[in-house]
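Chemist: My questions all concern the structure below.
The values are calculated or read from the model by the stated rules, or taken from the named source; none is laboratory data. Predicted, not measured: the structure shown is a model, and the values here were computed from it. Please note: Cβ atoms are built from the backbone with ideal geometry, for glycine as well, and neighbour counts cover all protein chains shown. For accessibility, only protein heavy atoms count, side chains too; no ligands or nucleic acids. Shrake-Rupley method; radii C 1.70, N 1.55, O 1.52, S 1.80 Å.
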Amino acid sequence: MHLRIDWKIKFILLVIISAPAFIGYPVVLFDSELLSGLTYGWVVYFFLVHAIILAINGTRFYANILAVAALISMPVVFVGGFISYIIFLLGFGYTSGQSAYSPHYVSVCVTMLTVIPLALSLVGLVPFQRFEHQLLQQRAGVSKLEKCILMFLRVFNHIVYFVIPNILETIREERHYRKWMIVERMRSSKPLGRNEIRGIKYKILTLITDMIQLAVEGICASIQYIPLWAVEISRLSDKKRKTSTG
């Protein structure tokens, strides 16, 4: 269930709730730390933002937003923390080491998991498909600026409503497949062989490989139809200029 109100009202509500993430007020007033790097203000703001996003968008869309936010945030946080730790081991980082890096990346993680869902919700509320349809239905033709807008809308709609859902579906299928493989292995009485033993290093490499593969697939899927759309939009009739008579 979600709020059945006009998308403009929802958009204004999200803009208002997103203000503290940029100006810091009133989040900064509650600066006591629940954990190192995590203040009470940000914890309350985090749950408030997600509650509003859930109420506005509904359960299904909220789940997709949360999944995309996690896909974007987790690599940044963990890879950034790993690189910082390597720099510390090499002697080029802060002398305090983990006590300095850990609070920073905890704060970064919570901030990203708050701001990214807000941004995705704001973008998802705008009816870009309706705007595209209205531009295509103009009888007077399409100007060069409108053709550029059409190209942007076509690519944007393709990414939001086709590329991202397909990537999420691929991740779900891969997760179910891995769970099935684990269950089958647990049912089997055969001991694990040397080639089947996965250490921490192999898991990290697998995660990085999967993220790179998803990024490449996302980029390729996003741009594959651009030449076709460019030709299609360029063939639209140009808007005729009004000539004054007198």
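Chemist: Subtracting the Cα-Cα distance from 0.36 nm times the residue separation, let me have the gained length for Gln129 to Tyr161 in nm, one decimal.
Modeler: Values: separation 32, 0.36 × 32 = 11.52 nm, distance 1.00 nm.
Result: 10.5 nm gained on full extension.
Chemist: At 1.4 Å probe size, with no ligands or nucleic acids counted, give the accessible surface of Cys220 in Å², nearest ten.
Modeler: Surface open to solvent at Cys220 totals about 80 Å².
Chemist: Further question on the same structure: How much FRET efficiency would the formula 1/(1 + (r/R0)^6) give for Arg172 and Phe82, where r is the Cβ-Cβ distance and R0 is 22 Å, rounded to 0.05? Each step should come with its number before you reach the end.
Modeler: Values: r = 26 Å, r/R0 = 1.19.
About 0.25, to the nearest 0.05.
Chemist: Starting at the first residue of the stretch 125-134, write each ³J(HN,Hα) from the Karplus equation 6.51 cos²θ - 1.76 cosθ + 1.60 with θ = phi - 60°, in whole Hz, x for Gly and Pro.
Modeler: 6, 6, x, 5, 5, 5, 4, 4, 5, 5
Chemist: Give me the distance in nm between label points sitting 7 Å out from Cα along the Cα-to-Cβ direction at Ser237 and Ile72, one decimal.
Modeler: In this crude label model, Ser237 to Ile72 measures out at 4.1 nm.
Chemist: At R0 = 45 Å, how high is the FRET efficiency between Leu38 and Ile5 if r is their beta carbon distance? Nearest 0.05 is fine. Show your work: numbers first, answer last.
Modeler: Values: r = 33 Å, r/R0 = 0.73.
Efficiency, rounded to the nearest 0.05: 0.85.
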